[in-house]
Structures are given as C-alpha cells and as structure tokens.
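Before any comments, here is the structure.
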Amino acid sequence: MKNIYRITVVVVLLLAVSAGSAYAGNDKRRGTAGATELLINPWAHSSGWGNVSVANVRGLDAFYSNVAGIAFVNKMEFAYTYTMYLGGKSGLRSGAGINAFGLAVRVFDRGVLAASVTAMGFGDIDVTTVESPDAGSNGTFSPSYMNINLSYAHSFTKSIHAGLNLKLVTEQTADIRGTGFAVDAGIQYVTGENDQLKFGMSLKNWGPSMTYKGVGHSLNMVNDAGNNQTVEYRAASMELPTCLNIGVSYDFLISAADQRITAAASFTSNAFLKDNVTLGLEYSLFNIMQLRAGYIFTFEKLDKDSRTTANTGLCAGASVDIPLSKKKTDGSMRPTLALEYSYRAAAPFKGSHSIGATVRF
C-alpha cells in the first residue's frame, strides 16, 4: 500500500507538470535560441532510442537525458563517443562531427562526481563575401563548438536519486567567440519489487543569454569625407534552448536467459522548438547484449516542406557488454567494456551515426 501511494503521488505530480508545460512557450520564439547543439545527444547508448531514457538512464549517458542517472555509477566509469552528424562530409551532408568524453568517479557512499567534454566541428568551410562570392577564392574557416560539464549526483534513498550539472558553452571561429553558462538538474524515482518501475524529470540548459564578441563584428570603411574608420556592430543576445523532460519506464523481467524488455516514454517541452513525445523499447539478453529502438513524435506536420527539423524521428541502436575479469565470488560488479552504436534517421540530409565505448569498474 505504501508503494502504491508513492507511485500515485509521483504520477500526479508528473501529469500536473506536463499538462502545464504542454501549452508553454511562444510560437513566435521558435528557432530563435542560440547554442542549439545542446539539444543534440552526443552519446551512443542513449541516442539509440531517442530522448526516451529520462527515467532509466544510467552512467555518463545521463549528462544528456537526466543528470540524476550518474548516481548509479558503481566505482568509476569512462566513456567516449564519436558521432558523424547528419551524414558526414560528402554529398548532401552536414560535414559535422561530434566527440564526447566523460569520466565519473564515486567520491562518497551515495555521491558521484562526473565531468565531460563535448566538441563539435564542421571541417573547413569556404569564405564568401559580397565582393567575392565564389567559393574557393577567399580561403576557409573552421567553426568549433564545445561544452564542458561538471556534475554531482546523489542517492538520497534506494528510490530517490538527484543530480546537478554546471555547463560552460563556447562557440567560436577565428575572429568571433560566444560564451554561455547553463545549469541542468534532474531527479529519478525507482520503485517496484525488483525496481522495475522508474520515473524521471529533468530541466536542461537553464541560464543567462549568451552574446558573440570579437573583431569579426567590426568593418573597415571609408566615410563620405574620405577618412578611414572602423564600425563595430553589436550582436544581439541569444537565449539558451531550455527544455523540460518527463519520462517513465517499466522493465518486463524474463527469468529465462536473464532477458529483459524495457518499455519507455518521455515528453519534452521545448522553449524554442516544437514539443515532442518519444516512445522506445529495449531488449536485453544475458545482461550482455542489448537492442533498442525509438521514435520521436514532434508536434508538427510530417511533410518535408513544413518540417522544422532534419531528424525524421526514427532511432535505433545496439550495445554489447564484454566482461574484463572473471565473475567475483562476493557478488560485486566486475569491470566491463561496453561497445555501443546508434543511428538516427534524417532527411534531406543523411542520418547520424554514433559509435562509442564505455569502461565500467
């Protein structure tokens, strides 16, 4: 009865928040935020079923979905993922690549400290000007995006876990740079006889506006009197892409071959983009191999002329956990190496491929 009461309270709270946020935002603000790369999941494991793992994400993937999931790191965890975003460099492709590194260490009995760096590059882009619009005649430039995260996650009880993440965002070219600061916060609630039922909520990218600065905003010109002068343009400030995520998941446990089927759902309220709902499934065999898939339903028209995102919604992925030592007699977790892959469909660009590895101790 006590567990039923807890579940009822959590469900009511989640429904109340989601009902209010479903009508939040202003359509006139859609697409006006800066640093929208913060809405790209750089991790191979969780991106294999979209934004759905708000309630049950574990380890360093929690930097994107829900920072509270970092509280489940055993002793230490290291992860790296490379993403070929929207197809890579040739043809109708974005030319963008994302590198994500993360390290988490348990520093207290119930607390985990973690850090990650995500770097996004676009290769060499031709410089074109009004006076010289032809590509290839003015050299190239290489924009780069980076965000640095420092987080702490804590398990208050066996059921309640929470986390806080501090984020530094930088975007730059050779002569212009923008810097921003943001905070992520999240909470997860786990219940059920075998911890099958999970709820989660996270607030992401909340912080002050960011502005571009640098000599790239200046222009040398000759005035009507024939004198040389430098004119500097002031850049407008941009708000960060704040969003609220609410999720739920349930594990269907099958004793034969240690199988598990997890069904999950999440709702994302975006302040500057269309809201979306994600549904996903994950299948696990022997706690070694996992297959997952998801679909992101965006509240907009699906035809290519009206769609406001290149992603079409379909996501899929797989991972294999390789033990690095013999099974321990005391029942403690043994070190593992996880190899992970995900694919996200897109149009008219090519899809995004992510491949990564995670070492857990």
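Which whole number of Å³ per residue matches the convex hull of the alpha-carbon atoms in region 232-361?
191 Å³
Over all directions, average the projected area of the Cα convex hull of region 105-147 and note it in nm².
4.2 nm²
How much area per residue is accessible in the chain when the probe is 1.4 Å and only protein heavy atoms are counted (Å²)?
Averaged over the residues of the chain, the accessible area is 52 Å².
Within the set Lys158/Lys326; Lys158/Lys327; Lys204/Lys326, which residue pairs have Cα atoms separated by over 32 Å?
Lys204/Lys326
Relative contact order for region 91-153: what is it in percent, counting Cα pairs under 8 Å that are at least 6 residues apart?
With pairs under 8 Å counted, the relative contact order is 34 percent.
Give the Cα extents of the chain along the principal axes, in whole Å, largest first.
84, 45, 44
Would you kindly derive the ³J(HN,Hα) couplings of region 337-348 from the backbone phi angles with the Karplus curve 6.51 cos²θ - 1.76 cosθ + 1.60 (θ = phi - 60°), listing them in order in whole Hz, with x for Gly and Pro?
Listing the rounded values in order: 10, 9, 9, 10, 9, 8, 9, 10, 6, 8, 7, x Hz.
Could you rank the peptides 198-206, 211-219 by their average count of other C-beta atoms within 10 Å per residue, with the highest value first?
198-206, 211-219
Return the Cα extents of region 189-282 along principal axes one, two and three, sorted largest first, each rounded to a whole Å.
86, 24, 19
Going by alpha carbons, how many degrees (0 to 90, nearest 10) lie between the helix axis of 2-21 and the longest principal axis of the chain?
20 degrees
Taking every pair of alpha-carbon atoms in region 113-223, give the share separated by more than 18 Å as a whole percent.
The share of Cα pairs beyond 18 Å in region 113-223 comes to 67 percent.
Where the accessible area of the chain is counted over protein heavy atoms with a 1.4 Å probe, how much of it, in %, is carbon and sulfur?
Here carbon and sulfur together make up 62 percent of the probe-accessible area.
Output the peptides 314-324, 77-87, 38-48 sorted from most to least packed, where packing is the average of other Cβ atoms within 10 Å over each peptide's residues.
38-48, 77-87, 314-324
Averaging sequence separations of C-alpha pairs under 8 Å and six or more residues apart, then dividing by the length of the chain, give the relative contact order as a whole percent.
19 percent.
The values are calculated or read from the model by the stated rules, or taken from the named source; none is laboratory data. From a predicted model like this one, the values you see are computed outputs, not experimental measurements. Because the Cβ atoms are built from the backbone with ideal geometry, glycine has one as well, and the counts that use them run over all protein chains shown. With ligands, DNA and RNA removed, areas are computed over all heavy atoms of the protein, side chains included. Shrake-Rupley method; radii C 1.70, N 1.55, O 1.52, S 1.80 Å.
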